[in-house]
Amino acid sequence: MIAVDARNHGESIHVDDMNYLLFRDDLLRLMDSQEIEDAVIVGHSMGGKTAMVTALTHVSGKCWAEFLFI
């Protein structure tokens, strides 16, 4: 399991640009750097939106997202 800090949060990089497509790109870059080919992505609030954007816009089949909305 990997818990990810989104950009501009926690100890992650702090930059001017911040949107869900960039969050997706950061997540995919992390997965590539760790040689993760398949993942179940679970998030809450902003993390859930990032998981959803990743699942809906990344068409290579690398990610499968599961959502829990309460």
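The values are calculated or read from the model by the stated rules, or taken from the named source; none is laboratory data. Quantities reported herein were computed from a predicted structural model and do not represent experimental measurements. Here the Cβ is made from the backbone with ideal geometry for all residues, glycine too, and neighbour counts use every protein chain on show. With ligands, DNA and RNA removed, areas are computed over all heavy atoms of the protein, side chains included. Shrake-Rupley method; radii C 1.70, N 1.55, O 1.52, S 1.80 Å.
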Over the stretch 4-33, the set of residues in a loop (DSSP other than H, G, I, E, B), open to solvent by 90 Å² or more (accessible area, probe 1.4 Å) and within 20 Å of HIS58 (Cβ to Cβ) is ASP17, MET18
What pairs come up if the first residue lies in the stretch 4-24 and is within 18 Å of GLN34 (Cα to Cα) and in contact (Cβ under 8 Å) with a residue 12 or more places away in the chain, the second is of a type in the set (S, T, N, Q) and surrounded by 10 or more Cβ atoms within 10 Å (Cβ to Cβ), and their beta carbons are under 6 Å apart, counting only those six or more places apart or on different chains?
PHE23/THR50; ARG24/THR54
In this structure, is ILE41 open to solvent by less than 80 Å² (accessible area, probe 1.4 Å), of a type in the set (A, V, I, L, M) and in contact with a Gly (Cβ under 9 Å, 6 or more places away or on another chain)?
yes
